[in-house]
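A quick write-up on the structure given underneath.
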Amino acid sequence: MLDFLGNLERTHYCGELRTAHAGKIVVLMGWVNRRRDHGNLIFLDLRDRTGISQIVLDKELTPDGHAKGEQVRPEYVVAAVGKVRLRDKDSINPKMETGEVEIEAAQRNGIKIGRGRLHKSLHSLFGRTGGDECSGARCMEQALRA
């Protein structure tokens, strides 16, 4: 179930995507805040320190990505690669700053699952103790690369 990122690097933070980004391919890294399974569609609310973006995994477009989405649970560390698209008018979420867009993870490797879950100590993932602190973003990227 675990994936290796190779040279994959974050292009944007989850909370910064807006309608101006529509049509762009982005790489987001974060924790799964919420997962909703609607059969052929799985929605992941991916969060980082800046906010939340919705990732869409469509079984018809990418069966492999959808299968990975079935394994994901809240607090999993995930990297998502996909195209920013405008949400339909009836699915805009005015309560979210990013509520007018979503990321369609339609590429073959649209979703990558990192090691561990957030509720486990990130420090224990890397054998760190004492004063060897690591920031949340850096630990998350290390968890995805591990």
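Mind telling me which of the residues Gly6, Gly23, Gly69, Gly65 ends up being out of contact with any Pro (no Cβ under 8 Å at 6 or more places or on another chain), among the small types (Gly, Ala, Ser), closer than 15 Å to Lys112 by Cβ and surrounded by fewer than 18 Cβ atoms within 10 Å (Cβ to Cβ)?
Among Gly6, Gly23, Gly69, Gly65, only Gly6 is out of contact with any Pro (no Cβ under 8 Å at 6 or more places or on another chain), among the small types (Gly, Ala, Ser), closer than 15 Å to Lys112 by Cβ and surrounded by fewer than 18 Cβ atoms within 10 Å (Cβ to Cβ).
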Considering the range 97-115, residues that are among the hydrophobic types (A, V, I, L, M, F, W, C) and either part of a helix (DSSP H, G or I) or touching an Asp or Glu at 6+ places or on another chain (Cβ under 9 Å) (or both), and then whichever is farthest from Arg35 (Cα to Cα), we arrive at Ala106
The residue from Val72, Val32, Val77, Val84 that alone is under 12 Å from Ala106 (Cα atoms) and touching a strand residue (DSSP E or B) at 6+ places or on another chain (Cβ under 7 Å) is Val84
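Is it the case that Glu104 is over 13 Å from the mean Cα position of the chain (by Cα), at pLDDT 80 or above and surrounded by 16 or more Cβ atoms within 10 Å (Cβ to Cβ)?
no
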Within the range 122-135, does at least one residue satisfy the condition of being closer than 17 Å to Gly15 by Cβ and modelled with pLDDT under 90? yes
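The values are calculated or read from the model by the stated rules, or taken from the named source; none is laboratory data. Fair warning: this is a prediction, and the values are worked out from it, not measured in the lab. As a convention, Cβ positions derive from the backbone with ideal geometry for all residues, glycine included, and neighbour counts pool all protein chains shown.
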